[in-house]
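Written below as structure tokens is the structure these notes are about.
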Amino acid sequence: MSLHGPYDDNNIFAKILRGDMPAVKVFEDDVALAFLDIFPQSRGHTLVIPKHVRARNLLEMPADALGPYMLRVQHIAKAVEAALKPDGVFVAQFNGAPAGQTIFHLHFHIIPRWDNEAMKGHGQAPKADMDALNALAAQIKAAL
Ligand code: AMP
């Protein structure tokens, strides 16, 4: 998928937003939904997606929706930091397949990093244990 093209209403994140697919949610309001990545690159890898937009990437995000959405990205990054006490937080976002994007609904990755702990590669992490993900989600929710 290139940088430009039609929005696919059946992409995984659109399905999660509609409730057609499950997600381990940590936050939801009228602007954004945050949930844990099921192939986490580190413990607590969280995704934040905007609601009520059909933006495949950052370039397509309506300007008036961007500010409120980015506030949620920061809010979740702070909660992840408060809950898990990482030494750093990597915030990443990919636009178009050549840049590494695999799901074409805008999302930011919030990836906690610890000293001397390697991060798994993008698209190279194994599926998480669901009990572990649910426990992490409870920790992050408690820090919101
Ligand atoms: P990107 O490659 O930037 O488009 O990121 C998509 C992310 O979604 C990857 O980190 C995947 O591990 C993650 N992912 C794929 N399917 C799911 C799912 N069902 N629930 C949560 N995260 C997912």
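The values are calculated or read from the model by the stated rules, or taken from the named source; none is laboratory data. The structure presented is a predicted model; accordingly, all values stated were derived computationally and were not measured. For neighbour counting, all protein chains shown are included, and Cβ atoms are generated from backbone atoms with ideal geometry for every residue, glycine included. Accessible surface is based on the protein model in full, side chains and every heavy atom, while ligands, DNA and RNA are left aside. Shrake-Rupley method; radii C 1.70, N 1.55, O 1.52, S 1.80 Å.
How many of the residues in segment 123-136 are open to solvent by less than 40 Å² (accessible area, probe 1.4 Å) and within 25 Å of Asn57 (Cα to Cα)?
1
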Exercise. Please list, ordered by first then second residue, the pairs with beta carbon atoms under 7 Å, 6 or more apart or interchain, first in segment 38-49 and without any contact (Cβ under 8 Å) to a residue 60 or more places away in the chain, second of a type outside the set (Gly, Ala, Ser) and near the ligand (Cβ under 10 Å from one of its atoms).
Key: Ile49/Phe13; Ile49/His105; Ile49/Leu106; Ile49/His107
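This table checks each residue for (1) in contact (Cβ under 8 Å) with a residue 12 or more places away in the chain; (2) open to solvent by less than 80 Å² (accessible area, probe 1.4 Å); (3) acidic (Asp, Glu).
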| residue | (1), (2), (3) |
| --- | --- |
| Tyr69 | yes, yes, no |
| Val73 | yes, yes, no |
| Leu84 | yes, yes, no |
| Gln93 | yes, yes, no |
| His107 | yes, yes, no |
| Asn116 | no, no, no |
| Gly121 | yes, yes, no |
| Ala138 | no, yes, no |
